[in-house]
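Here is the structure we will look at.
The values are calculated or read from the model by the stated rules, or taken from the named source; none is laboratory data. Please read all numbers here as calculations on a predicted model, not as lab measurements. Reconstructed Cβ throughout: ideal geometry from the backbone, glycine too, with neighbour counts over all protein chains shown. Calculation scope for accessible area: heavy atoms of the full protein, side chains included, ligands and nucleic acids excluded. Shrake-Rupley method; radii C 1.70, N 1.55, O 1.52, S 1.80 Å.
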Amino acid sequence: MILDSHTHAWPRWPYQPPVPDDESRGKVEQLLHEMDLHNIDRAVLICARIDRNADNNDYVAECVQRYPERLIQFADVDCSWTDTYHTSGAAERLKTAAETYSLKGYTHYLRGNDDGSWFFSTEGQRFFQTTADLGLIASIAMGSHQHAALQTLAAQFPTVPFLCHHMAGARVGDEIRFQEVLASAKVPNIYVKMSGFAYVSQISWEYPYADTHDIVRALYEHFGPGRLCWGSDYPVVRSFMTYQHSLEAFRTHCAFIPEAERAQILGGTLQQLFL
């Protein structure tokens, strides 16, 4: 079984410059078509209420209702672009979202200049206690410089799986900060998505992104296959490569990971989190 840990769907394309297929490029049917072509069993839809898609949580919920065997919703809860980012009432908004959308998890994007201090505020602590109480997965978009705060937070809430986007903010050529990412492996409930090869690479167009392989290898050696999950970042990934390329960048070109453990990263780890 192959599970895609990181996809998106929007009824209106949210990025600039404008595209000629504004109302179809981000539709969930495009994702399902790619999943069918490449034998992907299920995908997590990471909601992002950006640009003209303030209703993205509702749109994705409707998609999941139509395709419940293929899709899993992680709602956008107070992400960096929202007016409610790190404001009072976060725990109540999380609880409402979890009940409204029957969530298994949610996504929370941090601002780049955020030092993580909100995690330890009264509001932040209530937010993550609610995460723990509801048994949710926290899918976190963050930079490598924010890992020290995450490590402390995850140790405080050991029952919460913290699933970091796009190789946890690692970047080729930033060895000092990458050591902070690797230090997160010491906290057993921090997980990493093996996605975003083009973001991690110094050359975003040079498939198969061989310059990222030292980072992939180090993440594998520190976290192990049981805490890594493959993700495509579809349809955003189309700016760099096809859906198939996003799969084969890991499945074919990271052959230094044993085949059985690549299979676990491609689906087994995420499946285990959902049990």
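Structure notes:
- Any hit, the range 153-163, residues being open to solvent by 40 Å² or more (accessible area, probe 1.4 Å), in contact with a strand residue (DSSP E or B) (Cβ under 7 Å, 6 or more places away or on another chain), over 17 Å from G116 (Cβ atoms) and at pLDDT 95 or above: no
- Within the range 8-28, the only residue that satisfies the criterion of being under 19 Å from T242 (Cβ atoms), open to solvent by 80 Å² or more (accessible area, probe 1.4 Å) and not aromatic (F, W, Y) is P20.
- Within the range 166-210, tally of residues that are charged (D, E, K, R) and in a loop (DSSP other than H, G, I, E, B): 3
- Pairs are defined by a Cβ separation below 9 Å, a sequence spacing of at least 6 or placement on different chains, a first member in the range 124-135 that is free of Cβ contacts under 8 Å to residues at least 12 places away in the same chain and within 16 Å of E99 (Cβ to Cβ), and a second member that is open to solvent by 20 Å² or more (accessible area, probe 1.4 Å) and assigned to a helix (DSSP H, G or I); the pairs so defined are D133/K95.
- Considering only residues in the range 107-158 that are over 17 Å from the mean Cα position of the chain (by Cα) and part of a loop (DSSP other than H, G, I, E, B), the one that is farthest from H6 (Cα to Cα) turns out to be S121.
- Residue that is most open to solvent (accessible area, probe 1.4 Å) [pool: residues in the range 172-195 that are closer than 21 Å to G268 by Cβ and in contact (Cβ under 8 Å) with a residue 40 or more places away in the chain]: Y191
- Of the candidates H213, H222, the single residue that is touching a Leu at 6+ places or on another chain (Cβ under 8 Å), part of a helix (DSSP H, G or I), open to solvent by 20 Å² or more (accessible area, probe 1.4 Å) and touching a residue at least 24 places away in the same chain (Cβ under 8 Å) is H222.
- Given (1) in contact (Cβ under 8 Å) with a residue 40 or more places away in the chain; (2) open to solvent by 10 Å² or more (accessible area, probe 1.4 Å); (3) in contact with a Lys or Arg (Cβ under 8 Å, 6 or more places away or on another chain), number of the condition Y59 does not satisfy: (3)
- Complete set of residues in the range 63-92 that are open to solvent by 70 Å² or more (accessible area, probe 1.4 Å) and outside any loop (DSSP other than H, G, I, E, B): Q65, R66, E92
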